[in-house]
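Below you'll find the structure, written out as structure tokens, and then a few comments.
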Amino acid sequence: MFPFRHLAAALLCTLSLGAGAQSPGVSRDEIRVGSIQDLSGPIAMLGSPVRDGMLLRFEDANAAGGVHGRRLRLLVEDAGYDPKRAVLAARKLIQRDRVFAFLANLGTPVVMATMPMVVEAGRPHLFPFSPHESTYLPLHPLKFQMFAPYQDYMAAATRHMVDSKGYTRSCLLYQDDDYGLEVMKGVEAGLQEVGQVLHERTSYKRGATDLSSQVARLRAAGCDFVVLATVVRETVAAMAEARKTGWNVDMLVTASGYSAQTHELGGAAVEGLYGVAVLPHPYADGASPALAAWIERYRARFGAAPNVWSAMGYTVADLFVQAAERAGPELSTASFVAALENLHTDADIFGGPRYRFSAHDHLGNRHGRLAQIRDGRWQLISDYLH
Amino acid sequence: MLSFVQVLTSGIAIGCVYGLVALSFVLIYKATAAVSFMQGEVLMVGGFTVLALNVGLGLPLLPAILCGVVLVATLGAGLERSVLRRALGQPHLTAVLLTFGLGLIMRGAVTTVPAASHGMHRLALPFGDEPLRLGALAIAPQHLLVIVATVAVAGALSLFFRHTRAGLALRACSENPQGAALVGIPVAAMHTLAWGLGAALAAIAGVLLAPITFVHLGMGLIALKAFPAAVLGGMTSLPGALLAGIFIGVAEALAGLLLPEGGKDVVPYALLMAALLLFPGGLGTALRQLRR
Amino acid sequence: MKAVHAVLALPAALRNSAAAVLGIATVLAALGVDYALAQLAMIATFAIAGLGVVIIVGQAGQISLGQGALLALGAYVQALLVRHGVPALLALPLAVLAGMAGGWLASLPAQRLGGLYFAMSTLAFALIVEEVLVRWSTLTGGAAGLLVPPPSLFGWSVESAAAQAVFSLACLALAWLACHRLLDASLGRAWRAVREDEGAAAASAIDPLRAKRSAFLCGGALSGLAGALYAHWIGFLSPEQFGLLLSFELLMLAFIGGVRTLAGAWWGALVIVAIPQAIAVLRDLLPAAVAHTAGLEAMLFGVVLVAMILLRPQGLCGPSPGR
């Protein structure tokens, strides 16, 4: 008895159930959307809330009768940040599950390894979480992005900070991966616009435990402004280390460090930290009734409070739903892409930016705003920076 | 000079955590000849267990830590009874892979809890965040806690191995299992004890790490630094493991301060390579030779 | 049960190939051709890397925790050459050479170290290679990564899953033949002698150092080849892909398959690459509420690993404990 036979029977069964739809992923009563996430790897802390946010938006749409009568189904594959598993996951979603589009694939190695295959198969590649320009440039009919690479936000934010506060020795602490490099490019570009150069830079490896030597180095260089290309934990560690040693330098963190966790974990040490916000954090305290209801729904559904990543997941899925609604009852890849290219969104419950796409520009938003931690929570201190 | 001392103390504190995890590797290896690759995940489970008891069930911190460490020790002992026992007498890598698989299961299991996978968590210290000032030098309380606790754990372990029946029996088991069995020491029970103690040490390291890096899914990665420490310490020497852990922590911190940018990530491993080549038996052996 | 014994009594090679063909056919039919073939390409690629582990660990008895770095060398050399217009087939031998050179470097500490200490030195070697790949960003693209075009053979671009699978299987077959000859030759005997007892090997005029070095050269060459293929199939290289996790995955692969035999590499690759996919496919059959649990797949994969090691501690191809 080979176990293969049982396996084969089971698999054939599911295959015959899935077949029969006309255009990929769209049947009379269902739209299938694929997403390659990290639910078990190094950035699972992003992957889980993003996925839950997307699920919630799709479930909301289904509860309201679906999109033109079709129910939305999200098929999530866990690649654990491993490009090998991602490539296979993409093939599975394309061929076996026949998804209509890919939504919010997570992680640069994952996105870069699978994007060619996805667009080759004629599926829209929507709003991946990767700071790579190639996710929307050069213009490709199937590639859409909703957040600019960190570069654009950081250039504007750095320029704004240096302009208004008169810093002369700006420095950078960065994670030595693609994320850190993107930020460095942005900071350098922003400084160039005000006729300055980066005074000192120092890096750490992802997962580093202790940043005392990096902070000591920056301090020795006499920095009067430090940009942090860090994620939550390193942001707190860098701020805490600086404050502990009595160094009250101004620090600005990227959107990756703009998280309620930063002040929940950092406490008094991170008070006064500047941050770049693209999407405001969904605070339950002081939320609008719509947002409060959303937070409650999320909590009831997933058993955890939503964070800024949940809001992003929800927004990403919301853009998909809006475009699919506009595409009309005859949903096809062409009609969907045309609808997305004309999508101008209204303000959402999170107070996020309005997204604008056009036939010449597949990047929905380029502008972030400045925030600062005051009295233990992020407060927005500027409008969108241009 | 001040920043040098400042960075040095941070390095020592982090090195103590490496050392504690390295201790747990060595303890298990000595008693059962198994290299455990799940200590990092056990550390993570330890952090989350204490967190769940403290925040979830509302236990005060100290009882929560005690209960948490005991629970994790029971988990380690239970795994030995049910699974790891079967790896006895198999080649090294069987235990390595088995523990790696168990680590995956633990990690997956913690991930299924949404509250755990959604973010990082803070384990509140009873004495706040205000740094201790010695002149111009500022030491974070969590760093001080790590150093003090490590010294206490090392002292307790040393007393345990010298003056208690179980400790002496465990030592006998590590030195000579057949001989130990002949004189009536229950070797199998000693193995269970070793895995339990190893798990407890990892859990303690997790609790000590919690105020520094917070409790999150990836906190077990620190074991990647602790394993080199265990080997550098000689794999069979408990003080060697602790010292090697501190050595790696300090080397890493100072390299970041003194060497050109980019050097600091290579230096611990370059040093490790150099130390291995200079003292092929590990720091433990070198230490013993020095003493003679 | 009789059927099981009948199947088990067949010569191993026949049994394995029959099972492989049956398995491949079933999977092809059930999954959809491209998905299955892409898995096949990945399995063959990882099996080549697994052969490297079998030679270094299984034959010569050395623990290498730095296999990922050897793959990285092959992958980066291949990628850089192809990006500069060198035909893929010409670049391939150079990638293999790069792997060999890495293997030679990694084996140098064996002059002074043995056992776990030597294993640690291979780990240090791997981490240093990874760091160099990050820092030498003018050449390697650093942490931002490097795009790799698909290989083209005589003007024919190897892009489809089927072409990838055929190309990988051809490489695997060549590598397999080479390994087979090596294991039967005096080199193979020297490796096994060193594995069993270094002192005895030295006493019978086998230089243990040379044997270890040659094992690392061969293992490095195989890793270089696997790395080159990996670079093409993934299409994007970044240093973090070749970290300790990959080295570990390869070790696990060889041990699950059976580290002493060449066939172990194939079976191990099948488990490491295909089992997570099988879990993903089977998960889809579960009710949505359960299937949507994060961490479920990692947990199940861990369970499969533990079960396999408990049931077949010598690997799928090793002697089973009952016999």
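Throughout, read-outs are computed from the coordinates displayed, never taken from laboratory work. Please read all numbers here as calculations on a predicted model, not as lab measurements. With ideal geometry, Cβ positions are generated from the backbone for all residues, glycine too; neighbour counts draw on all protein chains shown.
So here's what we get for this one:
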read-out	value
Long-range tail of P(r) for chain A (Cα pairs > 34 Å, %)	30
Around C:G220: net Lys/Arg minus Asp/Glu count, Cβ-Cβ under 13 Å	+2
Two-decimal Rg/Rh across the stretch C:205-323, once Rg and the Kirkwood Rh are taken from alpha-carbon atoms	1.06
Between helix A:44-63 and chain A: long-axis angle, C-alpha atoms, 0 to 90°, nearest 10	50
Selection from A:V197, A:V76, A:H344, by position along the positive dipole direction of chain A (Cβ)	A:V76
Cα centroid separation - the stretch B:24-99 against the stretch C:253-323, whole Å	23
All Cα pairs of chain B, percent lying beyond 34 Å	20
The stretch A:35-147 - charge dipole about Cα centre, Lys and Arg +1 at Cβ, Asp and Glu -1, debye rounded to 20	400
Residue order, fewest to most beta carbons within 10 Å, for B:T164, C:T140, A:T235	B:T164, C:T140, A:T235
The stretch C:72-142 and the stretch A:272-299: distance between their alpha carbon centers, rounded to Å	47
On Cα atoms only, tilt of A:108-120 relative to the major axis of chain A in degrees	40
About the Cα centre, charge dipole magnitude for the protein assembly as shown (Lys/Arg +1, Asp/Glu -1 at Cβ), debye	2640
Space enclosed by the convex hull of the alpha-carbon atoms of the stretch C:31-93, per residue, Å³	112
Rounded to 10°, Cα long-axis angle of helix A:3-18 versus longest principal axis of chain A	90
Within a Gaussian network of chain C (alpha carbon springs, distance under 10 Å), most fluctuating of C:R135, C:R195, C:R283	C:R283
Relative contact order of the stretch B:50-147, pairs being alpha-carbon contacts under 8 Å that are 6 or more residues apart, as %	15
Beta bridge orientation in chain A: antiparallel %, DSSP, nearest 5	25
FRET efficiency estimate (nearest 0.05) - Cβ-Cβ, A:N342 to C:L147, R0 41 angstrom	0.85
Antiparallel %, DSSP beta bridges [both residues in the protein assembly as shown], to 5	35
Kirkwood-Stokes translational diffusion coefficient of the stretch B:122-215, alpha-carbon pairs, 25 °C, 0.890 mPa s, µm²/s	156
Dmax and Rg, reported as Rg then Dmax, of the stretch C:191-272 (C-alpha, Å)	15.6, 49
Chain C: most fluctuating residue of C:A201, C:A18, C:A161 per GNM, C-alpha cutoff 10 Å	C:A18
Listed residue pairs exceeding 30 Å between alpha carbons, taken from A:K92/C:K212; A:K165/B:K264; B:K30/B:K225; A:K143/A:K165	A:K92/C:K212; A:K165/B:K264; A:K143/A:K165
C-alpha center-to-center spacing [the stretch B:241-264, the stretch A:309-332] in angstrom	49
Cα gyration tensor of the stretch A:126-180 - equivalent ellipsoid semi-axes, whole Å, descending	28, 14, 7
Cα-based Rg / Dmax (Å) for the stretch C:34-256	17.1, 54
Fewest-first sequence of A:V162, B:V231, B:V113 by Cβ atoms within 10 Å of each Cβ	B:V113, A:V162, B:V231
Residue of C:Y76, C:Y117, C:Y230 that the Gaussian network model of chain C assigns the largest fluctuation, springs spanning Cα pairs under 10 Å	C:Y117
Alpha carbon Rg of the protein assembly as shown, scaled by the compact-globule rule 2.2 N^0.38 Å	0.92
Leading residue at positive end of dipole, chain A (Cβ point charges), from A:H263, A:G376, A:G313	A:G313
